[in-house]
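Structure first, commentary second.
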Amino acid sequence: MPHVNSLEADLGVLIVIDIQEKMLAAIKTCTQDELIAAVSRLIGAAQILDLPIIYTEQYPQGLGPTDRRFSAMLGRAEGPIVKTTCSCWRDEAFRAALQRTGREQVILVGLEAHVCIQQTALDLLRVDYQPFIAADATGSRRQRDLDAALARMRHAGVEVSTTESLIFELAERCDHPRFKDLLKVIK
C-alpha cells in the first residue's frame, strides 16, 4: 500500500502556476470561472492560515500577465516569478523563493496540468518535497492530457486531491481558531 502524506498548514506553501490571460482562455477541461473559483478558494485559505504563496508567469511577453482577477488576492504573495522553464523547480528565482519558505509540502495549482504542473511536481518529488495537486484547480487544453497527467503524478507519488479536501486537511479540526473564516472561503 502506498504511503499517503497528510497536508499540514505549518509545512505547506501554495504555488500558483501560470494562470495567465492567453493560457486561461485556451483551457477546455473546465470553465474559466470554475478554475478561478477553485484557485481563489485556495489562495483565501492560504492567507487565512498564513501559508506562503508564490506565483509564476510563463513568458508573459507572449502569454500575457496573470489574470487580473487575481491581482488583489496575490498582492502579498511572492511573484510574479517570470520563467521560461516548464518546471518551476528548474528556474533559479523560483527555487530560491521556495527554499526561503522553509516549507516541504507544496500545493500546486494552475496551468497546464500536463506541462508545468506535472514537470514541477515530478522535480519536487525528486528533491524530497511533498507535492499536492488540487485537481479542480488545474486545467489543460485537452481532457486526455489532464487525465494522463493526474494519473502519472499519482503513480509517481504526488498526492492528488481537491480544493475543498485540501482546505479541510489544512484546517485539521472544526475547532480551529480560523475555521469559520475558512468556511466563508469554501462556500
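The values are calculated or read from the model by the stated rules, or taken from the named source; none is laboratory data. These numbers come from a predicted model, not from an experiment. Using ideal geometry, Cβ is built from the backbone for each residue, glycine included, and neighbour counts are taken over all protein chains shown.
Please specify each residue of region 159-177 satisfying the condition of being assigned to a loop (DSSP other than H, G, I, E, B) and either closer than 14 Å to GLY12 by Cβ or free of Cβ contacts under 8 Å to residues at least 12 places away in the same chain (or both).
GLU172, ARG173, CYS174, ASP175, HIS176, PRO177 - these are the residues of region 159-177 that are assigned to a loop (DSSP other than H, G, I, E, B) and either closer than 14 Å to GLY12 by Cβ or free of Cβ contacts under 8 Å to residues at least 12 places away in the same chain (or both).
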Pair list, Cβ under 6 Å, 6 or more apart: region 19-44 residue more than 19 Å from VAL115 (Cα to Cα), other residue part of a loop (DSSP other than H, G, I, E, B) and at pLDDT 90 or above: ILE43/MET73
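Here is a yes/no grid of residues against (1) farther than 21 Å from THR163 by Cα; (2) not charged (D, E, K, R):
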residue	(1), (2)
GLU21	yes, no
CYS30	no, yes
GLY44	no, yes
ASP50	no, no
TYR59	yes, yes
SER71	no, yes
LEU74	no, yes
GLY79	yes, yes
TRP89	yes, yes
Return the pairs, sorted by first residue and then second, in which the second residue is polar (S, T, N, Q), the first residue lies in region 45-60 and is touching a residue at least 60 places away in the same chain (Cβ under 8 Å), the beta carbons are less than 6 Å apart, and the residues are 6+ apart or on different chains. none
Positions within region 155-164 being surrounded by 15 or more Cβ atoms within 10 Å (Cβ to Cβ) and either touching a strand residue (DSSP E or B) at 6+ places or on another chain (Cβ under 6 Å) or not charged (D, E, K, R) (or both), in sequence order: GLY157, VAL158, GLU159, VAL160, SER161, THR163
I need the full set of residues from region 125-143 which are over 27 Å from ALA25 (Cβ atoms) and either within 13 Å of the chain's Cα centre (by Cα) or assigned to a loop (DSSP other than H, G, I, E, B) (or both), in order please. VAL127, ASP128, TYR129, GLN130
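Matching residues to (1) in a strand (DSSP E or B); (2) under 15 Å from THR138 (Cβ atoms); (3) at pLDDT below 95; (4) among the acidic types (Asp, Glu):
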{"residue": "LEU24", "(1), (2), (3), (4)": "no, yes, yes, no"}
{"residue": "VAL39", "(1), (2), (3), (4)": "no, yes, no, no"}
{"residue": "ASP50", "(1), (2), (3), (4)": "no, no, no, yes"}
{"residue": "TYR55", "(1), (2), (3), (4)": "yes, yes, no, no"}
{"residue": "TRP89", "(1), (2), (3), (4)": "no, no, no, no"}
{"residue": "ALA93", "(1), (2), (3), (4)": "no, no, no, no"}
{"residue": "ALA96", "(1), (2), (3), (4)": "no, no, no, no"}
{"residue": "ARG100", "(1), (2), (3), (4)": "no, no, no, no"}
{"residue": "VAL109", "(1), (2), (3), (4)": "yes, yes, no, no"}
Considering ALA137, ALA151, which residue is buried (at least 21 other Cβ atoms within 10 Å of the Cβ) and either under 25 Å from GLN119 (Cβ atoms) or touching a residue at least 12 places away in the same chain (Cβ under 8 Å) (or both)? ALA137
Scanning region 95-113 for residues that are surrounded by fewer than 24 Cβ atoms within 10 Å (Cβ to Cβ) and touching a helix residue (DSSP H, G or I) at 6+ places or on another chain (Cβ under 7 Å), the one nearest to SER165 (Cα to Cα) turns out to be GLN105
Name the residue that is nearest to the chain's Cα centre (by Cα), counting only residues in region 170-187 that are crowded, with 17+ Cβ neighbours inside 10 Å and more than 15 Å from ALA137 (Cα to Cα). LEU170
